[in-house]
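First comes the structure, then the notes that go with it.
The values are calculated or read from the model by the stated rules, or taken from the named source; none is laboratory data. It should be emphasised that the depicted structure is a prediction, and the values quoted were computed from it without experimental measurement. Methodologically, a virtual Cβ is constructed for each residue, glycine included, from the backbone with ideal geometry; neighbour enumeration extends over all protein chains shown. The accessibility values were calculated without ligands, DNA or RNA, using every heavy atom of the protein model including side chains. Shrake-Rupley method; radii C 1.70, N 1.55, O 1.52, S 1.80 Å.
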Amino acid sequence: TKMSDIHAHILPGSDNGPRNLDETMAMLRIAAADGIRTIVATPHYDGRDPGVPVVAASSLRVVRRAVAEQGIDIQVLGGF
């Protein structure tokens with residue numbers, strides 16, 4: 001069964017999630033091993049700080065590149 005996690009604080013250095021990319025990748029490896037195939041990065045964003053989505057999108061690109069390089073079987077989507 002393929003599972004999705006639609007609310008994850010997975011982006012490094014934002015919110016109360018992982019402190020760095022290494023922690024993000026460790027979390028994604030665990031999620032993939034548990035059968036999660038899609039995970040949605042959902043940083044806290046109330047619409048007031050226009051910089052949040054810009055930083056989140058940049059971080060998401062870094063995470064996606066690392067996922068591809070490390071061959072982790074998970075799709076990371078942006079929920080911001």
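I need the full set of residues from the stretch 33-59 which are of a type in the set (S, T, N, Q) and closer than 16 Å to Ser14 by Cα, in order please.
The first filter runs over the stretch 33-59 and keeps only residues of a type in the set (S, T, N, Q), leaving 38, 42, 58-59.
Within the stretch 33-59, Thr42, Ser58, Ser59 qualify.
Looking at (1) more than 12 Å from the chain's Cα centre (by Cα); (2) open to solvent by 30 Å² or more (accessible area, probe 1.4 Å); (3) in contact (Cβ under 8 Å) with a residue 24 or more places away in the chain; (4) on the phi > 0 side of the Ramachandran plot, which is the only condition Tyr45 fails?
For Tyr45, the failing item is (4).
Taking the stretch 1-36 on its own, how many of its residues are in contact with a Gly (Cβ under 7 Å, 6 or more places away or on another chain) and polar (S, T, N, Q)?
The number of residues fulfilling the criteria is 2.
Within the stretch 48-72, how many residues are in contact with a strand residue (DSSP E or B) (Cβ under 9 Å, 6 or more places away or on another chain), within 14 Å of Met25 (Cβ to Cβ) and open to solvent by less than 30 Å² (accessible area, probe 1.4 Å)? Spell out how you get there, then give the answer.
Step one: filter the stretch 48-72 for residues in contact with a strand residue (DSSP E or B) (Cβ under 9 Å, 6 or more places away or on another chain), giving 53, 56-57, 59-60, 63-64, 67.
Adding the requirement that they be within 14 Å of Met25 (Cβ to Cβ) leaves 59-60, 63-64, 67.
In the following step, the residues that additionally are open to solvent by less than 30 Å² (accessible area, probe 1.4 Å) were identified as 59-60, 63, 67.
The qualifying residues number 4.
Name every residue in the stretch 1-38 that is in contact (Cβ under 8 Å) with a residue 12 or more places away in the chain, part of a helix (DSSP H, G or I) and either touching a Lys or Arg at 6+ places or on another chain (Cβ under 8 Å) or open to solvent by less than 90 Å² (accessible area, probe 1.4 Å) (or both), in order of residue number.
Leu21, Thr24, Met25, Met27, Leu28, Ala31, Ala32
What's the total number of residues in the stretch 39-78 that are within 19 Å of Arg19 (Cα to Cα) and either of a type in the set (Val, Ile, Thr) or assigned to a loop (DSSP other than H, G, I, E, B) (or both)?
Residues meeting the conditions: 13.
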